[in-house]
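Novice: Dropping a structure here in structure tokens format, bear with me for questions.
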Amino acid sequence: MDSHSYPESLPISLATAPVSGSVSVPGSKSITNRALMLAALSRPENGCMLTGVLRSEDTEVMIRCLSQLGFRVEENWEANEVRVSARSPRLIPAAAADLFCANSGTSMRFLTAMAALGHGQYRLDGIARMRERPIEDLLTALRQLGSPAMAELGNGCPPVQIEAKGLTGGSIEMRADISSQFLSAVLMIAPFTKQGIRIRLLGPLVSEPYIAMTLRMLVHWGATASQPEAGVYAVEPGLTHEVTSYAIEPDASAASYFLALPAILGGKITVLDLPMESLQGDVQFVSLLEQMGCRVKSCSAGITVHGGPLTGIDTDMNAISDTVMTLAAVACFAHGPTTIRNVAHIRHKETDRIAALAAELRKVGVKIEEFADGLTITPGPMHGATLDTYNDHRMAMSLALLGLKVPGVVIRNPGCVVKTYPEYWRDLDRALT
């Protein structure tokens, strides 16, 4: 995917009427990258066919890196299908690889753990921002398992170097208070170790629904995974059955931008094929819209949101932090302040999302109080402004919502959406017409 096909800046057109209709969003990035990894490691004889696969920068990074690790990855993007198969009896076919993960956090964290299963020398790097994103908690966990995984620059951030000799497994302690992806990465490699892995968490866990997603996917793939007590996770070695195909759900995080439309513009919208019982915790974004005054209905077709007068709320968004910026955009149109709490970890995302949100919302005239783990948004009269995205796809997609009701909003670097949703601008236009 190429961000250079987008203009440098994109003026957002005002919506001319309340929203009405339905929209389909692409497959989940989080599920896609987990499924790609599990399909590669589980090694069914004729490969595993993934359907509903998201095509984006992050997933193409994962696919390219799996190919460099020696797996066969056959893409059919017209059908959004990818078949993954092994070409070698070795768990990780390649004995050496230099993997470029761009700014894909899931790819960097998952592939770091995956490479530790191999036998050989592996190096993982990314763009400048990735070199600022912490990974030491994962490396510490892998070292407890016997893998000499090190931050090349000694600062706890990529590049990562691994001289892998395979993993036996065993009991470890680790932290996941900066990113749940560290824990997910270790859980997903556990069935492919000789002894399995038992993990005791040190400190709190952020974004817990993503761990629930990982555990449910592991069980689907035939792993015996459990949480025997609070803060402890256990995965036994081996798989009980073979998975030859897997369907990926629509992306609940991407859906949040469309579910927010009736909250901001009035009317109603249905996101098709997204179930309330989704693997993805971010589907609970609709419960926050409901608290603010929207009406939510779930049926076999998907999830429908009806707009209504909005009231500000005070909410802990730790579990669904990828939707913080969407809620912030909605909050700008509410009566009364909205406070978002317990999301300090989003300062370590594609950008410092708390600071970036505060800076950009102030540009349009919104009063913001920023604190260590969140912010309070106090609505007021808004005006147009040119808004920076910090090369962060979620900044671009959420801030654009302001321009549907506030004249003169311009989004810089709209092409950054290719990271997870290359067709976002097209789909947004379609949802409004």
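Please treat every number below as a calculation from the coordinates, not as lab data. Every value quoted in this text rests on a predicted model; they were computed, and no experiment measured them. Backbone-built Cβ (ideal geometry, glycine too); neighbour counts: all protein chains shown.
Novice: Find out how many positive minus negative residues lie around Arg347, taking Lys and Arg as positive, Asp and Glu as negative, among other residues whose Cβ is under 13 Å from that of Arg347. It would help to have the intermediate numbers written out before the result.
Specialist: Values: positive: Arg129, Arg133, Lys349, Arg353; negative: Glu132, Asp177, Glu350, Asp352, Glu370, Asp373, Asp392.
Taking every other residue near Arg347 into account, the sum is -3.
Novice: Expressed as a fraction of 2.2 N^0.38 Å, the rule-of-thumb size for a compact globular protein of N residues, what is the C-alpha radius of gyration of segment 1-142?
Specialist: In units of the 2.2 N^0.38 Å rule of thumb, it is 1.23.
Novice: Tell me which aspartates and glutamates have Cα within less than 15 Å of Lys268's Cα, excluding those fewer than 8 residues away on the same chain?
Specialist: Those aspartates and glutamates meeting the cut-off are Glu290.
Novice: How big is the gap, in Å, between the Cα center of segment 102-176 and the Cα center of segment 59-92?
Specialist: 21
Novice: So what are the radius of gyration and Dmax for the Cα set of the chain, in Å?
Specialist: 21.3, 64
Novice: Ignoring everything except DSSP H segments at least 4 long, calculate the 222 nm mean residue ellipticity for the chain; use -39,500 (n - 2.57) per segment, divide by total residues, nearest 500. Walk me through the numbers before you get to the answer.
Specialist: On the way: 13 runs with 124 residues, N = 433.
Calculated mean residue ellipticity at 222 nm is -8500 deg cm²/dmol.
Novice: Another question, if that's okay. What number does segment 329-416 give for Rg over Rh if you use C-alpha atoms and the Kirkwood radius? Can you show the working numbers first?
Specialist: Values: Rg = 12.2 Å, Rh = 13.0 Å.
With Rh from the inverse mean 1/r over Cα pairs, Rg/Rh is 0.94.
Novice: Run down the lysines and flag those whose C-alpha is under 21 Å from the C-alpha of Lys419, throwing out any fewer than 8 positions away in its chain.
Specialist: Correct list for Lys419: Lys29, Lys349.
Novice: Could you work out which residue, out of Pro89, Pro204, Pro337, moves most in a Gaussian network model of the chain, that is, has the largest mean-square fluctuation with Cα springs under 10 Å?
Specialist: Checking each option, the largest mean-square fluctuation is seen for Pro89.
Novice: Residues with beta-carbon under 12 Å from that of Arg87, excluding Arg87: net charge, scoring Lys, Arg +1 and Asp, Glu -1? Let's see the in-between values first.
Specialist: Numbers: positive: Arg43, Arg72, Arg90; negative: Glu74.
Net local charge, Arg87 excluded: +2.
Novice: Taking N as the number of residues in segment 69-205, what is its alpha-carbon radius of gyration divided by 2.2 N^0.38 Å?
Specialist: On the way: Rg = 14.8 Å, N = 137, 2.2 N^0.38 = 14.3 Å.
Relative to the 2.2 N^0.38 Å estimate, segment 69-205 comes out at 1.04.
Novice: According to a simple spin-label model (label point 7 Å from Cα along Cα-to-Cβ), what is the distance in nm between Arg347 and Ser9?
Specialist: Modelled inter-label distance: 3.1 nm.
Novice: Given +1 on the Cβ of Lys and Arg, -1 on the Cβ of Asp and Glu, and no further charges, what dipole in debye does the chain carry about its Cα centre, rounded to the nearest 20? Write down the numbers at each step before the final one.
Specialist: Numbers: 37 positive and 43 negative charges, 36 e Å.
Around 180 debye, computed over the chain.
Novice: Rounded to whole Å and sorted largest first, what semi-axes of the equivalent ellipsoid does the C-alpha gyration tensor of segment 211-369 yield via the square root of 5 times each eigenvalue? Display every interim value, and only then the final one.
Specialist: Numbers: eigenvalues 215, 85, 32 Å².
Computed over segment 211-369, the values are 33, 21, 13 Å.
Novice: Give the aspartates and glutamates whose C-alpha is closer than 20 Å to that of Lys297, dropping any in the same chain fewer than 8 places away, or say none.
Specialist: Counting by Cα, and skipping residues close in sequence, Lys297 has these aspartates and glutamates nearby: Glu249, Asp251, Asp273, Glu277, Asp282.
Novice: Report the gain in length on full extension from Asn155 to Arg87: 0.36 nm times residue separation, minus Cα-Cα distance, nm rounded to one decimal.
Specialist: Between Asn155 and Arg87, full extension yields 20.9 nm more.
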